[in-house]
1. Do you know which of the residues in the range B:25-60 that are in contact (Cβ under 8 Å) with a residue 24 or more places away in the chain, charged (D, E, K, R) and out of contact with any Lys or Arg (no Cβ under 9 Å at 6 or more places or on another chain) is most open to solvent (accessible area, probe 1.4 Å)?
2. Tell me yes or no: at least one residue of the range B:338-346 is within 29 Å of residue B:264 (Cα to Cα) and out of contact with any Ser or Thr (no Cβ under 7 Å at 6 or more places or on another chain).
3. Kindly check whether there is at least one residue in the range B:134-144 that is within 14 Å of another protein chain (Cβ to nearest Cβ) and open to solvent by 40 Å² or more (accessible area, probe 1.4 Å).
4. Name every residue in the range A:172-194 that is open to solvent by less than 10 Å² (accessible area, probe 1.4 Å) and more than 15 Å from residue A:343 (Cβ to Cβ), in order of residue number.
5. Look at residue A:404 and say whether it is surrounded by 13 or more Cβ atoms within 10 Å (Cβ to Cβ) and among the acidic types (Asp, Glu).
6. Can you tell me which condition residue B:339 does not meet? The list is (1) open to solvent by 40 Å² or more (accessible area, probe 1.4 Å); (2) closer than 25 Å to residue A:155 by Cα, and all the others hold.
7. So which residues in the range B:61-87 are more than 7 Å from every other protein chain (Cβ to nearest Cβ), surrounded by fewer than 22 Cβ atoms within 10 Å (Cβ to Cβ) and in contact (Cβ under 8 Å) with a residue 60 or more places away in the chain, if there are any at all?
Amino acid sequence: MAAARIARLSPGKVARLSLTQSRAMSGLSATRCGLPKESVAENGAPPRGKVLTIDTMNPTVKMVEYAVRGPIVQRAVELEKELSEGRKKPFQEVIKANIGDAHAMGQQPITFFRQVLALCSYPELLNDSTFPEDAKSRARRILQSCGGNSMGSYSASQGIDSVRQDVARYVQQRDGGVYCDPDNIYLTTGASDGIVTMLKLLVCGEGASRTGVMISIPQYPLYSAALAELGAVQINYYLNEEACWSMDIGELQRALDEARGHCNPRALCIINPGNPTGQVQNRKCIEDVIRFAAKERLFLMADEVYQDNVYADGCEFHSFKKVLFEMGPEYSNTVELASFHSTSKCYMGECGFRGGYMEIINMDDEVKAQLTKLVSVRLCPPVPGQALMGLVVNPPQPGEPSHENFMKERTATLSALADKARLTEEVLNTVPGISCNPVQGAMYSFPRISIPEKAVKEAAGQGQQPDMFYCMRLLEETGICLVPGSGFGQKDGTYHFRMTILPPADKLKILLSKVKEFHQRFTKQYS
Amino acid sequence: MSQTDVTGAPRRGKVLTLDTMNPNIKQVEYAVRGAIVQRAVKIEKELREGAKKPFTEVIKANIGDAHAMGQKPITFLRQVLAMCAYPELLKDDAFPKDAKQRAQRILEACGGHSIGAYSASQGIECIRQDVSRFIEKRDGGIPSNPDNIFLSTGASDAIVTLLKLMVSGEGRTRTGVMISIPQYPLYSAAIADLGAVQVSYYLDEDKCWSLDVAELRRALRAAREHCHPRVLCIINPGNPTGQVQSRQCIEDVIRFAKEEGLFLMADEVYQDNVYAEGCKFHSFKKVLFEMGPEYSSTVELASFHSTSKCYMGECGFRGGYMEIVNMDPAVKAQLVKLVSVRLCPPVPGQALLDLVVNPPQPDEPSYSSFMKERTAVLDALAKKARMTEQIFNKVPGITCNPVQGAMYTFPRITLPPKAIDKAKEEGQVPDMFYCMRLLEEEGICLVPGSGFGQREGTFHFRMTILPPAEKLEIVLHKISAFHQRFTKEFS
């Protein structure tokens, strides 16, 4: 009924929700479902209507959900407040393992990057002998590329020229020499900005000709949120949980063929390494996806923000661009591809700077001109983030003074993450009722949890998704904040949660054992 | 495009073409970085490669970018930002105590004490509290609730987000958005992108670009025939026109918004840039509350501010905020949800905004230096505003309204009929033709008035007053000379 109600509130071109999503939304409060709120003024008379109400506002915005910062996080923030006001809880702190925010969980910034950023912020420091020469020379280079030699100037809308050149060099080096044209690089406000901009560009048509966009289930809910807001049609393809969340072309085909009945599929989004699922696709899979996109004429969007976060033996990051070009001109001259990267993940974890870029391959020239025009309206991405991206793609080289320390810090962070990935998989797999695929890459575990029937029923009684019910209980009892699998999408009748592997190892151990205890307690309570 | 690719195989059509892309995007224009700027960038490249031109540099007087034109950052702000970026510097004796305190406060409010952590999506809480305090002080004590403050990625971000929230309906019920002509083309671009209906109201050039409620009413009535007007946008101090609206005018606009059921959007990013005698910045919020509860408890208002203008000019940091007044709580919850999808505004920009609303106080070590720098920047701008008006008004065929505030001059230019004809021949709007000639002959990049909107048959250009005074003077004289030459050529 909730789903029908939602459809009525949102006439015309709206996102078609998957079954899982409709159910996810039915667990939402009335406000979230977009139902008009009853309101009466204090003296009992109906209040004068506001101009902007739930009924007069943008209907597609009402369809947007973003679980990573959704209701469970709002409750976690409330609990933190209560703790800070001295209220007694069964825990002393709230652990926000809901979001891929490394620094918030204690990871240290890379010294070299912050030195350069400080020099760029306050160039007086270029006279300070405590800063190494290589940091100073990078800072000077960045400042010389800025208007008035200041980070406070707007940059070119596509991003600072010299940074885009550095990005192109990085991409070329990463991809074994495959040419990268700096003019195809767009710096962005985090990868999210580039992804939303591309999706916006792709959306057209009405009804059965409305743009459809393929995205994995489970997915990072920026995609579902953006598609809902844009009124595009979300086309779900299921990753194979039994085969370590791998992709299956047969499943892509099924999803596409079914979608053609009610929309015009134009894009295929893939997140590799995966979020929330952590799988690192093998090279053959990437070739198959490219072949599929070429055959079915789909614009490929490759979200590669976790490209340095690869942990499992035998796994390797293969960039879509590299594989595309290695498949020869039949593909490399035709397949339209956008790849995305960010400063928020990998070993940097600089989420707050909102740095990112996208590389565009084989885009129609006239569309590219439109893209360039579109990004000009927002003037430019934040310059500190651009500077940071410039450093990420141009880090200290062997022979430079900061190289040794840089490598030490980078290696320490990545090894720690690898250790924590393994630890997580191990511990969670000792719990009856929890089944955790290897965390091959990225920053999360997405284990499957069995929820007893009685708990499922009680959840339904409270109007909650079963895994939201589970996670809320975990939060209230242990202070641990995770995101229920329903926020990312999952096969009907299955439940998961997403937890980051970011807390320091000793804290993570404690977290994992608390989750284990909770699961056993919860299972017992509802048996 | 050729019919075959490099291998000789037939070239299949692309997935994403002009015909299959988002049609709204094709309607988007943003003149401030449009065709003339692209040409200016090309010319800069040619100069670098040694091409001979009638000039040695291109002057980019098209965009309100103070630092690019040589304005210096405020020392205190940058000291704090450096310490936030690299907290080791907190131990450095060269930094003043008040800068260190601010840096420490900001860092403590960040996850893991790092500006690399995501912040709350609405913005760092203590910064929102500081913004509220700033607003209360500015507005003579009228309360500001930090929960009504949303930090944003520049003011543009918040403006677009709010417009997005308002767009609904189809055909005749589609949301209409009232905006001035001339306007800052973010508004027209966002309206086009969102598929909303632009409802233009003309500012009165003969009365120093003032706003006339009768004109608002005219525009609104006409618009109601074909759309559902829901929003009234006003830029004060104005861009491109520089007028600072009187208090009476602001009251009239508020009264009008209430009568007609319009959500008010007040773009106040130039609030410190007020130069003319007798002019004063009156915040919409303040006036609203001084009009009493009949208005202050009902009129829905959003006000916008930024770190890009005023005396800071920190465009690159993309700092900004909006204050929401009287928003429906259920809609506010939707807004909170919407901004969460993009995680958070850039934290360095949030930190910068904190310093702007919480600058050194009289009893603090950095105060006198800070005030000196701030005053120097604002005085320089005021002088350049006056100089610009004076010099342009000496030129036959150029009429320049006083630059009361903001950072631009938007003079009216008379173009000879022969020039207009020539422009048409070349497929160009007449003031673009004029500006392109100026660019090619003098290396000065301005934005034609057609990029902002103007009355039929009138022509203008927008020029910033940002270059250093001596350079500006030269630029003004070059434009004057060009205008006279151009007029003669086409007479």
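1. Here the answer is B:57.
2. yes
3. No: zero hits.
4. Those that are open to solvent by less than 10 Å² (accessible area, probe 1.4 Å) and more than 15 Å from residue A:343 (Cβ to Cβ): A:175, A:180.
5. no
6. If we test residue B:339 against (1) open to solvent by 40 Å² or more (accessible area, probe 1.4 Å); (2) closer than 25 Å to residue A:155 by Cα, just (1) comes out false.
7. B:72, B:75, listed by residue number.
Condition check ((1) more than 12 Å from every other protein chain (Cβ to nearest Cβ); (2) under 20 Å from the mean Cα position of the chain (by Cα)) across all residues:
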residue	(1), (2)
B:328	no, no
B:333	no, no
B:344	no, no
B:349	no, yes
B:370	yes, no
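The values are calculated or read from the model by the stated rules, or taken from the named source; none is laboratory data. Everything numeric here is computed off the predicted structure, so don't read it as measured data. So basically every Cβ, Gly included, is an ideal-geometry build from the backbone, and we count neighbours across all protein chains shown. For the accessible areas, the whole protein counts, side chains as well, though only heavy atoms, and no ligand, DNA or RNA atoms are used. Shrake-Rupley method; radii C 1.70, N 1.55, O 1.52, S 1.80 Å.
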